[in-house]
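Read through the structure below, which is laid out as structure tokens, and then see the notes.
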Amino acid sequence: MTAEIRVDLSDGILTITLARPDKKNALTNEMYSTLADAIERAEHDGNVRVALIQGDGDMFTAGNDVGEFAAIASGKGPSESHVHRFLHALAKATVPIIGAVHGKAVGVGATMLLHCDYVLLTQDAELITPFINLALVPEAASSYLLPLRVGHVRAFEMFAMGEPLNAQTAVAWGIANKVCANDELRIDARRMAERIAAKPAGSLGAMKTLMRQAEMLVAQMDRESAQFQERLISAEAREAFAAFAEKRRPDFSKVAQH
Ligand code: COA
């Protein structure tokens, strides 16, 4: 349990707030553990009718903590990794999940939205999937879900180029439901959560189960994870993490292909 994730239940709405604003809500192993607990609770606590994920500070999240990637790459990773418990909980969730995104949603911040059932973006929101720029591969079953959602060539471009996708385009491509004014995000998200919480929860859960192939998503996550672990310890990835730490652009030209 870390204070960098706040979890609050009121009126059947479990609000999960990413709260590490000084590091742009970059997600650590400890934060994944609390996130996993929260999604598992949303699934099993009969008082929870809908979950809502949002972020403090000036962006939703900068994605996985790159320092922790670098630690894993140099063999100093944590003994127990919680990211998979979080991702599996997302894949298996039948409780409705709302994503409320302002500013940037990077890496897993963007791919977790593919597991949300209703997504609100502020006008300045940007979705960024920089896995290839970090010499990694996409995760969270996004290698399956993103092409399914937006088509192969758009997904390829988002993954391979890592350029930001703006809010209007994200809505047009079916990644998000609506764009709202920056100061209205939390109000609009809460209002939608209240409306969903008033619906028959059993029926909603059954509908969500029918709409998603949870076992297939978990299997895809495990396939991705095998590639991800391999890429994490590659020379390319070490160059990408060193470049981030040194606040410079990576230079992959001198790194051999394998
Ligand atoms: N992991 C660890 N620390 C991070 C981080 C991350 N993913 N993203 C930001 N931070 C830290 C920065 O190192 C900086 O720390 P410092 O104040 O101790 O130097 C602090 O958060 C503020 O970040 P900064 O880069 O100054 O903010 P910005 O508004 O200029 O840029 C981003 C924001 C998100 C564009 C930029 O931080 C970034 O590209 N982060 C990495 C994103 C990423 O690659 N994530 C992994 C996805 S798989």
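Suppose we filter R238, R223, R186 for residues that are at pLDDT below 95 and either open to solvent by 80 Å² or more (accessible area, probe 1.4 Å) or in contact with a Pro (Cβ under 7 Å, 6 or more places away or on another chain) (or both); which single one remains? Can you show your working first?
On the way: R223 fails: at pLDDT below 95; R186 fails: at pLDDT below 95.
Answer to the selection: R238.
Show the residue pairs meeting these rules: Cβ distance below 9 Å; 6+ apart or different chains; first residue within the stretch 64-88 and at positive phi; second residue away from the ligand (no atom under 13 Å from the Cβ).
Listed by first residue and then by second, the contacts come to G75/I233.
Does A105 satisfy the criteria of being assigned to a loop (DSSP other than H, G, I, E, B), within 13 Å of the ligand (Cβ to nearest atom), open to solvent by less than 10 Å² (accessible area, probe 1.4 Å) and touching a Leu at 6+ places or on another chain (Cβ under 7 Å)?
So A105 fails the test.
Can you tell which of L148, L217 is surrounded by 16 or more Cβ atoms within 10 Å (Cβ to Cβ) and either within 18 Å of the chain's Cα centre (by Cα) or in contact (Cβ under 8 Å) with a residue 24 or more places away in the chain (or both)? First the steps, then the outcome.
Values: L148 fails: surrounded by 16 or more Cβ atoms within 10 Å (Cβ to Cβ).
When all the criteria are applied, what remains is L217.
Show the residue pairs that are 6+ apart or on different chains and have beta-carbon atoms under 9 Å apart, the first residue being within the stretch 5-34 and without any contact (Cβ under 8 Å) to a residue 12 or more places away in the chain, the second being open to solvent by less than 20 Å² (accessible area, probe 1.4 Å) and not in a helix (DSSP H, G or I).
Note: pairs meeting the criteria are D8/L14; D8/T15; D8/I16; D8/T17.
Does the stretch 160-170 hold any residues that are in a helix (DSSP H, G or I) and surrounded by fewer than 20 Cβ atoms within 10 Å (Cβ to Cβ), and which are they?
Quick first cut of the stretch 160-170, residues in a helix (DSSP H, G or I) only: 160-161, 167-170.
Answer for the stretch 160-170, where residues must be in a helix (DSSP H, G or I) and surrounded by fewer than 20 Cβ atoms within 10 Å (Cβ to Cβ): A160, M161, Q168, T169.
Evaluate the following for A155: is it over 25 Å from E40 (Cβ atoms) and in a helix (DSSP H, G or I)? If you could, list the steps in order and put the result at the bottom.
On the way: over 25 Å from E40 (Cβ atoms): yes; in a helix (DSSP H, G or I): yes.
Answer is yes for this residue.
Scan the stretch 104-141 for residues that are under 28 Å from S253 (Cα atoms) and more than 13 Å from the chain's Cα centre (by Cα) and report the count.
Selection size over the stretch 104-141: 6.
Kindly check whether there is at least one residue in the stretch 52-75 that is away from the ligand (no atom under 14 Å from the Cβ) and farther than 27 Å from R186 by Cα. Working first, answer last.
Kept after step one, since they are away from the ligand (no atom under 14 Å from the Cβ), are these residues of the stretch 52-75: 52-54, 74-75.
Those still in the list that are farther than 27 Å from R186 by Cα too: 74-75.
Within the stretch 52-75, one or more residues are away from the ligand (no atom under 14 Å from the Cβ) and farther than 27 Å from R186 by Cα.
How about the stretch 131-145: which of its residues are farther than 18 Å from L18 by Cβ and either open to solvent by 10 Å² or more (accessible area, probe 1.4 Å) or in a loop (DSSP other than H, G, I, E, B) (or both)?
Within the stretch 131-145, the first condition is being farther than 18 Å from L18 by Cβ, and the residues that meet it are 131-138, 141-145.
Listed by number, the residues that qualify are F131, I132, N133, L134, A135, L136, V137, P138, A141, S143, Y144, L145.
The values are calculated or read from the model by the stated rules, or taken from the named source; none is laboratory data. Quick caveat, the model's predicted, so the values are computed rather than measured. Note that we place each Cβ from the backbone using ideal geometry, even for glycine, and neighbour counts take in every protein chain shown. Each accessible area value is taken on the protein alone, full model and side chains, heavy atoms only, with ligands, DNA and RNA left out. Shrake-Rupley method; radii C 1.70, N 1.55, O 1.52, S 1.80 Å.
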